[in-house]
1. Are any residues in the range 124-156 in contact with a strand residue (DSSP E or B) (Cβ under 8 Å, 6 or more places away or on another chain) and over 12 Å from N218 (Cβ atoms), and if so, which ones?
2. Condition (residue is open to solvent by 30 Å² or more (accessible area, probe 1.4 Å) and farther than 29 Å from R292 by Cα) applied to the range 236-255: is it met by at least one residue?
3. Give me the pairs, please: first residue somewhere in the range 13-35 and over 15 Å from S297 (Cβ atoms), second residue anywhere and polar (S, T, N, Q) and more than 10 Å from the ligand (Cβ to nearest atom), beta-carbon distance under 8 Å, and either six or more positions apart or on two chains.
4. Filter the range 152-196 for residues that are under 20 Å from L22 (Cβ atoms), touching a helix residue (DSSP H, G or I) at 6+ places or on another chain (Cβ under 7 Å) and of a type outside the set (A, V, I, L, M) and give the result.
5. Within the range 18-30, track down each residue that is more than 8 Å from the ligand (Cβ to nearest atom) and open to solvent by 60 Å² or more (accessible area, probe 1.4 Å).
6. What about Y328, is it open to solvent by less than 70 Å² (accessible area, probe 1.4 Å) and either under 20 Å from S154 (Cα atoms) or not aliphatic (A, V, I, L, M) (or both)?
7. Please list, ordered by first then second residue, the pairs with beta carbon atoms under 6 Å, 6 or more apart or interchain, first in the range 288-302 and within 10 Å of the ligand (Cβ to nearest atom), second in a helix (DSSP H, G or I).
8. Within the bounds of the range 337-350, is there any residue that is touching a Cys at 6+ places or on another chain (Cβ under 7 Å) and within 30 Å of Y382 (Cα to Cα)?
Amino acid sequence: MLTSDSVKIADSAFSLCQRCVLDTTVRDIRFDEAGVCQYCRIHDALEKEFPLNEAGQRKFNDLIDDIKRRGKNEDYDIIVGISGGRDSTFALYTAVKLGLRPLAVHFDNGWNSETAVTNIKKATDKLKVDLHTFVIDWEEFKDLQISFLKASVSDAEIPTDVGIHGLLQKVAAQENIKYVVFAHSFRTEGVAPLGWTYMDGCYINSVHKRFGTKPLKNFPNLTLKDFFYYQLIKRIKVLSLLVYIPYDQKEVERVLQSELGWTYYGGHHHESYYTHFFQSYYLPKKFNIDKRKIEYSALIRSGQMTRDEALKEINGEPYPYDQDLVRYTLSKLGLTEEEFENILRSPNKTFHDYPTYYPLIKLLKGPATLACRLGFIPKHLYLKFLG
Ligand SMILES: [Zn+2]
């Protein structure tokens with residue numbers, strides 16, 4: 001229990017961005033002289049790079065023309081990863097409306113909710129898009145997920161994120177598709193702070209090597225070697241499709257519901273049972289991380305939510321979780337309550353405690369700047385790692 005002195009210390013050390021709702025629970029947060037955090041500055045840089053005006057529209061039209069030109073002798077122009085969630089479904093919908101011919105790819109990691117499965121089926125059927133589903137080897141993936149829980153890091157959901165990106169690049173290379181869609185909008189989703197989420201293929205391997213019990217054979221990892229092969233040899237680019245168009249969260253949900261029969265699943269990325277468990281229970285309980293702050297901050301910056309509304313929600317109720325979901329997750333992972341308690345109690349670590357590419361990425365700032373300019377690295381990731 002905190003003494004009155006320690007409360008005072010904790011209070012005096014706590015700072016909140018003057019513009020969004022990110023605060024010093026974000027380990028790497030920095031504030032400028034106006035008390036505004038670097039993630040707000042990243043938002044402004046992205047807004048400047050992808051303005052929703054005539055110049056931005058021209059740039060977008062040129063890009064779409066290039067995608068159609070590069071794909072004209074192939075069956076598909078682009079790959080869109082689909083989870084059944086709002087952003088990926090809207091990306092697929094937008095691609096079709098733009099006259100592109102997407103191949104939808106789904107990474108089935110064993111944690112799909114029924115809503116996710118139905119949403120994917122309805123969207124691909126109604127939009128008449130081919131769907132490629134990759135089902136991960138469950139025992140292997142479970143071993144990787146448990147390894148990341150044992151590593152005691154807040155990045156423990158990255159096996160899914162890295163697996164999705166690795167899979168999309170792999171299928172793009174096989175099918176000779178030159179663009180992979182990144183269904184991320186900084187205007188609604190924000191940029192996950194580096195101190196909360198870091199990911200790379202080396203990190204996957206190093207944590208798994210330390211805590212895993214079986215070899216990774218089926219998992220589509222994305223190592224630096226893979227990255228160079230896909231970008232330099234196969235010339236696959238990333239398209240951050242949603243940053244070029246107005247993205248009003250409520251309006252997008254309305255369109256998806258009325259045109260595709262899409263169903264909302266109750267929270268950011270809750271289309272996956274594991275993500276729901278991870279964000280609502282594991283991160284708040286072990287790391288004092290409330291990921292709603294990222295989404296609400298993005299909505300504040302893009303004028304879709306007021307700061308007062310966001311603060312009221314965050315300070316009012318802790319991230320709601322469901323005890324049945326916690327039991328289901330532990331049982332599916334084969335962890336006893338005691339084993340999980342040990343994970344919760346073990347000292348928190350960060351990605352700096354394990355081998356990653358991060359030191360190398362810092363050294364390669366020049367080439368990374370060029371790769372970003374040429375469209376091989378999404379701008380928001382470049383700014384997050386090197387901005
Ligand atoms: Zn901020």
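The values are calculated or read from the model by the stated rules, or taken from the named source; none is laboratory data. Given the structure is predicted, the values throughout are model-derived calculations rather than measurements. Positions of Cβ are backbone-derived with ideal geometry, glycine not excepted, and every protein chain shown enters the neighbour counts. Heavy atoms of the whole protein, side chains included, go into the accessibility calculation; ligands, DNA and RNA do not. Shrake-Rupley method; radii C 1.70, N 1.55, O 1.52, S 1.80 Å.
1. We begin by selecting, within the range 124-156, every residue in contact with a strand residue (DSSP E or B) (Cβ under 8 Å, 6 or more places away or on another chain); these are 124, 129-136.
Within the range 124-156, T124, V129, D130, L131, H132, T133 qualify.
2. Checked against the condition, which is being open to solvent by 30 Å² or more (accessible area, probe 1.4 Å) and farther than 29 Å from R292 by Cα, the range 236-255 yields at least one hit.
3. A13/T24; F14/T24; R27/T350
4. Matches in the range 152-196: S154, D155, E157, H184, S185, F186, R187, T188, E189, G190, P193.
5. R27, R30
6. no
7. So the pair list comes out as I300/R307; I300/A310; R301/H43.
8. no
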